[in-house]
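The values are calculated or read from the model by the stated rules, or taken from the named source; none is laboratory data. Being a predicted model, the structure only gives us computed values, none of them experimental. In this analysis, Cβ positions are derived from the backbone assuming ideal geometry, glycine residues included, and neighbour counts consider all displayed protein chains. Note: accessible area is taken over every heavy atom of the protein model, side chains too, but ligands, DNA and RNA are not part of it. Shrake-Rupley method; radii C 1.70, N 1.55, O 1.52, S 1.80 Å.
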Amino acid sequence: MASHVRNLSAVPMFLCVFLCVLAEWNTKDFQRREHTLVKPYQGSGMSVPQWDFLGSTMVTNSYIRLTSDHQSRQGAIWNNVRCHVQNWELHVQFKVHGAGKNLFGDGMAIWYTQERMQLGPVFGSRDLFTGLGIFLDTYSNHNGPHNHQHPFISAMINNGTLHYDHDSDGTHTSVAGCEAQFRNKDYDTYLAIRYEDNTLKVSVDVDNKNGWRECFVVHGVKLPVGYFLGASAATGELADNHDVISVKFYELESEKKNPPYTGLPEATVMEAPRDRVEDKRGSLSSYSGWKLFMIIILIIIALAVVGVVGFIVFQKQQENSRKRFY
Ligand SMILES: *[C@@H]1O[C@H](CO)[C@@H](O)[C@H](O)[C@H]1NC(C)=O
Ligand SMILES: [Ca+2]
């Protein structure tokens, strides 16, 4: 009996591997290597191709540590290639961890800004920035009644005039946010930032589900092309390790062909937080026609293979039961 169980379980396994390979192939198609940061980080010598780091940042074989679990650190890593892609999705694998049980901080940020390589008070980077900041805030600076828990992920759009206020955890300048328990996890944690047709969507995968959970969606966000991608982190009185494992940048195919926006960053409309929706991680929604066709063909082939394997297993089972009875 045991052998039958093993045989049968091999069928969905095969299908899964097959579909996973398919999903991977689909995303690779759009991946832009000049904005991507994956292991092994180092090229020749100490430098990381296309990325510059500053402050407390330390590059190891398996992670890029923006700050270690020590007080008063600021570190950052910045892509040195301007990003001219209009519609994109960024996947960041990160890890925030430390010895603190109740007291830890301050957090990290992912950037798409005009400025780069400037340490400062906003999660290790400069204030009055121009562009987009996604903040992974682990410490609640706000005293008194709270409308949300920490860690908290939020987005801020800035044209260079807005100041990030730590005392209110940036609530006055944030366009949207959500709670996400991403700290001190044994498994990998991920953040996705999608910017398409003036809509900003942030999703997380922090529950070891291998699927995206929507954090928030904001419509009416205008970000110009030509800015830089970066990540930074800071510790103060409280500390944590803030690690970036990988940054993967995907160009999205858009239906609409708008001319590239070159004005200042703007956020016009703010959408109320919606119910969280489960998405399959790695599957980008904009399939072009022939790709969808290819996928359908491949699924049909997969189903045929499953049918054949199932039939063989069934026959074996019949044989075995005959052996048992006669
Ligand atoms: C910058 O943003 C602020 C706040 O949203 C706004 O009041 C101001 O008019 C903007 N400045 C420019 C030059 O767009
Ligand atoms: Ca804070």
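Considering only the other residues whose Cβ falls under 11 Å of the Cβ of SER154, what net charge follows from Lys and Arg at +1 and Asp and Glu at -1?
So the surrounding residues net to -3.
Ranked highest first by the average count of other Cβ atoms within 10 Å around their residues, in what order do 197-203, 262-268 fall?
197-203, 262-268
Excluding ligands, DNA and RNA, what is the solvent-accessible area per residue of the range 40-92 at a probe of 1.4 Å, expressed in Å²?
About 47 Å² of surface per residue is accessible.
Under a point-charge model restricted to the Cβ atoms of Lys and Arg (+1) and Asp and Glu (-1), what is the dipole moment magnitude of the range 28-267 relative to its Cα centre, in debye to the nearest 20?
Here the size comes out at about 540 debye.
Compute the relative contact order of the range 28-267 as a whole-number percentage, counting only Cα pairs closer than 8 Å that sit 6 or more residues apart in sequence.
This gives 33 percent for the range 28-267.
Take the alpha carbon atoms of the range 45-69, find their center, do the same for the range 176-216, and report the distance between the two centers in whole angstrom.
23 Å
With a/c under 1.5 counting as rounded, go ahead and sort the range 28-267 into rounded, prolate or oblate using the C-alpha gyration tensor (a ≥ b ≥ c being the square roots of the eigenvalues; past the cut-off, prolate if a/b is larger than b/c, else oblate).
rounded
Per residue of the range 240-251, what does 6.51 cos²θ - 1.76 cosθ + 1.60 with θ = phi - 60° give for ³J(HN,Hα)? Whole Hz please, x for Gly and Pro, Karplus curve as stated.
For the range 240-251, the Karplus curve yields 6, 7, 10, 10, 10, 9, 8, 10, 10, 10, 10, 8 Hz.
Taking all protein chains as present, what is the carbon and sulfur share of the accessible area of the range 28-267, in % to the nearest whole number, probe 1.4 Å?
Answer for the range 28-267: carbon and sulfur cover 47 percent of the accessible area.
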